[in-house]
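A.B. asks: One structure, pasted below without further comment.
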Amino acid sequence: MSGNQLPDAPPPADRPQGPWPVEAPWAAPGGAAHAPHTVPDSGDDPHALTGSGPGPRALPDGAYAPRTWHAPPADPGHAARNGRAGRALPSTGYAARTGRPAAGLTRTDPVSVAALITGVLPTGPVAAVLGVLGIRRTGRGRRPGRPLAVVGLVLGLAWTVVAVAAGASLLRGPALDGDVPDPVGMASAHLREGNCVRNLPASGEVRRVSLVPCADPHTAQVIHVGALTQEAARPEDGYEEGRLLCQDASAARDTQGADVDVVTLVPASGTTPVVCLVEWPTPVQTDLVN
């Protein structure tokens, strides 16, 4: 051996060839021979250890045949319980695959319930606000109760519209036909034929006026209430048609020789009402209609 050369490895030991060696029977006390341990042919036994050759296979004295594990028989419901259909719920009540609470353990969102209750009651904006909050809280299936929140929102908006319309009607005041028994404020859109007006504004829009009994001093009286044939884009466009309408109504009235002016009030939008009045230069107690 020179340099870094390694010595040759010794030749491998000879290994016995042939079938598994069978030990000779050992003698029991008294001279009786004892048969060696053998493993019978597997046959139909699924737990038997099978050898490489035919027939029984002898094992050394004191050896144990290893047992093999076999899967239990197939369960028809095994795939349904553990497959895509989902697993059975554990004792905690939570679905193992989704991580969400079981349906039987969830409660309806209280905000959505409150939205429905306040929607049935005439609360208006309160129900609408609770409905919006309930829809947000029940989004993506986080909590049950979304339909209740939607119904509460719709009812809340409906009550709000009704309240606004009623408030506008109260501001305008109820219409009173003919002569009024006591002084009262009235929106110009609610003027009726025969109403006596204490004073009219000198110019500009006429929104509200003061009605008085025609026996009291007044400077104007409604002689006709009509409508335009079509809606004008601007009040100025409908004024000419309204003026002609009021002139015809004034000609049909007996002004008793008094010097009066014809005043025409046209709607800011729509076709009604067109209010025609006669105006005296000084307060009078005259009634031309009633």
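None of the figures in this text is laboratory data; all of them are computed from the coordinates on show. In this text the structure is predicted, and so the values were computed from the model without any measurement. Glycine gets a Cβ as well: all are built from the backbone with ideal geometry, and neighbour counts include every protein chain shown.
A.B. asks: Multiply the residue gap between V164 and D182 by 0.36 nm, knock off their C-alpha separation, and tell me the result in nm, one decimal place.
C.D. replies: 3.7 nm
A.B. asks: So, by mean Cβ neighbours within 10 angstrom, what's the order for 253-266, 149-162 with the highest one leading?
C.D. replies: Answer by packing, highest mean first, reads 149-162, 253-266.
A.B. asks: Could you give the length gained by full extension between A215 and A258, i.e. 0.36 nm per residue of separation minus their alpha carbon distance, to one decimal place?
C.D. replies: Gain on stretching A215 to A258: 13.8 nm.
A.B. asks: Separate question: Would you please give the FRET efficiency between R140 and R107, computed as 1/(1 + (r/R0)^6) with r the Cβ-Cβ distance and R0 = 25 Å, to the nearest 0.05?
C.D. replies: Computed FRET efficiency for R140 and R107 comes out at 0.90.
A.B. asks: Next question, about the same structure. What is the dipole size for the range 184-284, taken about its Cα centre, with +1 at each Lys and Arg Cβ and -1 at each Asp and Glu Cβ, in debye to the nearest 20?
C.D. replies: 360 debye
A.B. asks: Also, I was wondering about something else. At a threshold of 8 angstrom on Cα-Cα distance, excluding pairs fewer than six apart, so keeping six or more, what relative contact order does the range 184-284 reach in percent?
C.D. replies: With pairs under 8 Å counted, the relative contact order is 30 percent.
A.B. asks: Would you kindly calculate the translational diffusion coefficient of the range 184-284, applying Stokes-Einstein with the Kirkwood radius from alpha carbon pairs, for 37 °C and a viscosity of 0.692 mPa s, and quote it in µm² s⁻¹ without decimals?
C.D. replies: Here the translational diffusion coefficient equals 239 µm²/s.
A.B. asks: When Lys and Arg each count +1 and Asp and Glu each count -1, what net charge do the other residues less than 15 Å away from G152, Cβ to Cβ, add up to?
C.D. replies: Overall, the nearby charge balance is +3.
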